[in-house]
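Okay, so here's the structure we're looking at.
The values are calculated or read from the model by the stated rules, or taken from the named source; none is laboratory data. Everything quoted here is computed from the prediction, not taken from an experiment. Cβ atoms come from the backbone with ideal geometry, glycine included; neighbour counts cover every protein chain shown.
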Amino acid sequence: MSTDGEAGEAAAAVADRFALPSPTADVRPMDGGHINRSYLVTCEDGTRFVLQRVNRHVFAAPEQVMANIVTVTAHLARTAAEQRAVLRLLRTRADGWWHTDAAGEVWRCYYCIEGSADVPTPLTPETFRLVGEAFGGFLRQLDDLPADRLHTTIAHFHDEPRYLARLRAVAAADPCGRANGVRPEIAHALSFEAVSHDFDAPGLMPWRVVHNDAKVSNLLLDATTGRPLAVIDLDTVQPGFAVNDVGDAVRSGAATLPEDARDGEPVRFVPELFEAFVEGYLGACGDVLTIGEITHLRHGVRLMTLEACVRFLTDYLEGDVYYRVDHPGHNLDRARNQAALLDDVVSHWDDMGRIVGRLAKGGC
């Protein structure tokens, strides 16, 4: 069996705890993802699996994360068009859904979704409309799953006032001596204090089972047809607001550059991509969304872009302890890009309202 270094050997030992169909032939790290460590496991019979260690720093109760995933994937499987369209967990040899190692780390193993492909970039309106359809369909499939059946695995996950308060506190404490170099960025983020309270009103929108991290990278397409295949990375699925999923998808997709861009060009918002996503999303949702949710779709975009900016900036000030970074200043690059995108979203605010109004009245 081949492995990629000591980490690969440790992962191979964990892989053997799962009910693989044949011995492992190869275990190697996978690229991508800010949070969890992932390994591609190839068995001697050619079947492949994705082995992941759940990040305890991010998820204090990984067993609850896994319980949510078990509940949600079982629910999705009831209406899935095909088996590949839903993440499938492989049971352990002890007949559980996850393995806890001697160090207390929680591991899971998914069947690899063969014949899948990432969403191609740069995005076109046609492709982003498909992304909207996928996440709208995901919401519709989970509409009859009561939110109280799931654990809240990350408390205050999209609590913007709380994130801003933390940024203010970390900037004042300045644990890594980085605050003086980013005073303008801190002031810019804190200037959105009023916006951070957009969703404070009780009963404004219903509490639903939502993805909570609906980035474009968390969707797989069918490699042959190009159609949406499976929504992945379900760690953050818990009760929340549907409009935050819309906001995260648009933030990650309707921008001229990726959040990690370093070429010096300002990131811009693309209204045509926003329109394409909303058209696909509303069409797939059918009558699931309330009027309050529809009228707050653009607010979700503004708030999730603000949240990304604030969280990246806070992590930079704290010494890059939450998000994985590839180079010094990586989180600062991300924060600055989100700040530029946020400003451009605000500049298109009225246009976004007109787009949503037109699509909603069109029967989507």
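For the stretch 110-136, the set of residues classified as farther than 28 Å from Glu63 by Cβ and part of a helix (DSSP H, G or I) consists of Pro125, Glu126, Thr127, Phe128, Arg129, Leu130, Val131, Gly132, Glu133, Ala134, Gly136, listed by residue number.
Tell me the residue from Arg262, Arg268, Arg298 that is surrounded by 19 or more Cβ atoms within 10 Å (Cβ to Cβ) and among the basic types (Lys, Arg), please. Going through Arg262, Arg268, Arg298 in turn, the sole match is Arg298.
Among the residues of the stretch 62-98, how many are within 21 Å of Arg37 (Cβ to Cβ) and in contact with a Ser or Thr (Cβ under 6 Å, 6 or more places away or on another chain)? Residues flagged as within 21 Å of Arg37 (Cβ to Cβ) and in contact with a Ser or Thr (Cβ under 6 Å, 6 or more places away or on another chain) within the stretch 62-98 amount to 3. Cβ separations smaller than 9 Å between residues 6+ apart or across chains give the following pairs from the stretch 286-303 residues that are free of Cβ contacts under 8 Å to residues at least 24 places away in the same chain to residues that are part of a helix (DSSP H, G or I) and surrounded by fewer than 24 Cβ atoms within 10 Å (Cβ to Cβ): Ile291/Ala360.
Is at least one residue of the stretch 69-84 of a type in the set (Gly, Ala, Ser) and either assigned to a loop (DSSP other than H, G, I, E, B) or under 30 Å from Thr256 (Cβ atoms) (or both)?
Yes - at least one qualifying residue is present in the stretch 69-84.
What strands (runs of 3 or more DSSP E) lie completely within the stretch 180-268 and have 1 or more residues being within 11 Å of the chain's Cα centre (by Cα) and in contact (Cβ under 8 Å) with a residue 24 or more places away in the chain? It comes to 208-210, 219-222, 228-231.
If you take the residues in the stretch 223-252 that are in contact with a helix residue (DSSP H, G or I) (Cβ under 8 Å, 6 or more places away or on another chain) and over 19 Å from Cys285 (Cα atoms), which one is surrounded by the most Cβ atoms within 10 Å (Cβ to Cβ)? Going through the qualifying residues, I end up with Arg251.
Evaluating Pro125 against the criteria (1) surrounded by 15 or more Cβ atoms within 10 Å (Cβ to Cβ); (2) in contact with a strand residue (DSSP E or B) (Cβ under 9 Å, 6 or more places away or on another chain) leaves one unmet condition, (2).
Considering each of Leu297, Leu234, Leu317, Leu303 in turn, give the residue that is touching a Gly at 6+ places or on another chain (Cβ under 7 Å) and assigned by TED's automatic domain parsing to the domain that holds Asp213. So that I can check it myself, show each step before the final result.
On the way: Leu297 fails: touching a Gly at 6+ places or on another chain (Cβ under 7 Å); Leu234 fails: touching a Gly at 6+ places or on another chain (Cβ under 7 Å); Leu317 fails: touching a Gly at 6+ places or on another chain (Cβ under 7 Å).
Unique residue meeting the criteria: Leu303.
Among the residues of the stretch 212-228, those identified as more than 18 Å from Arg298 (Cα to Cα) and not hydrophobic (A, V, I, L, M, F, W, C) are Ser217, Asn218, Asp222, Thr224, Thr225, Gly226, Arg227, Pro228.
Could you tell me how many of the residues in the stretch 158-179 are more than 30 Å from Arg227 (Cβ to Cβ) and either assigned to a loop (DSSP other than H, G, I, E, B) or free of Cβ contacts under 8 Å to residues at least 12 places away in the same chain (or both)? Quick ask: steps written out before the conclusion?
Initially, the stretch 158-179 is screened for residues more than 30 Å from Arg227 (Cβ to Cβ), giving 159-179.
After this cut, where a residue has to be either assigned to a loop (DSSP other than H, G, I, E, B) or free of Cβ contacts under 8 Å to residues at least 12 places away in the same chain (or both) as well, the list is 159, 162, 165, 169, 172-178.
The total comes to 11.
Let's see how each residue does on (1) of a type in the set (A, V, I, L, M, F, W, C); (2) buried (at least 17 other Cβ atoms within 10 Å of the Cβ); (3) modelled with pLDDT of 95 or more:
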| residue | (1), (2), (3) |
| --- | --- |
| Val131 | yes, yes, yes |
| Leu204 | yes, no, yes |
| Val210 | yes, yes, yes |
| Asp213 | no, yes, no |
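From the list Trp107, Trp97, the one residue that fits, being touching a Leu at 6+ places or on another chain (Cβ under 8 Å), surrounded by 14 or more Cβ atoms within 10 Å (Cβ to Cβ) and assigned to a loop (DSSP other than H, G, I, E, B), is Trp97. The set of residues in the stretch 36-59 being at pLDDT below 95 and assigned to a loop (DSSP other than H, G, I, E, B) consists of Asn36, Val54, Asn55, Arg56, His57, Val58, Phe59.
Residues in the stretch 284-306 that are part of a helix (DSSP H, G or I) and either in contact with an Asp or Glu (Cβ under 6 Å, 6 or more places away or on another chain) or hydrophobic (A, V, I, L, M, F, W, C) (or both): Ala284, Cys285, Ile291, Ile294, Leu297, His299, Val301, Leu303, Met304, Leu306.
Report whether or not Tyr316 is more than 30 Å from Ala173 (Cα to Cα) and hydroxyl-bearing (Ser, Thr, Tyr). The answer is no for Tyr316. Residues of the stretch 21-52 being among the basic types (Lys, Arg) and either within 17 Å of the chain's Cα centre (by Cα) or closer than 21 Å to Ala155 by Cβ (or both), which ones? Listed by number, the list holds a single entry, Arg37. Of all residues in the stretch 324-335, those that are closer than 18 Å to Val267 by Cβ have Cβ atoms under 7 Å from Cβ atoms of residues that are aliphatic (A, V, I, L, M), 6 or more apart or on another chain, in Asn331/Val325; Leu332/Val182; Ala335/Leu313.
Among residues belonging to the stretch 53-79 that are over 25 Å from Tyr323 (Cα atoms) and within 21 Å of the chain's Cα centre (by Cα), point out the one that is surrounded by the fewest Cβ atoms within 10 Å (Cβ to Cβ).
Taking the stretch 53-79 as the starting set, the residues that turn out to be over 25 Å from Tyr323 (Cα atoms) are 70-79.
Filter again for within 21 Å of the chain's Cα centre (by Cα), leaving 70-77.
Working: Val70: 15, Thr71: 16, Val72: 24, Thr73: 18, Ala74: 12, His75: 17, Leu76: 19, Ala77: 14.
Per the criteria, the residue is Ala74.
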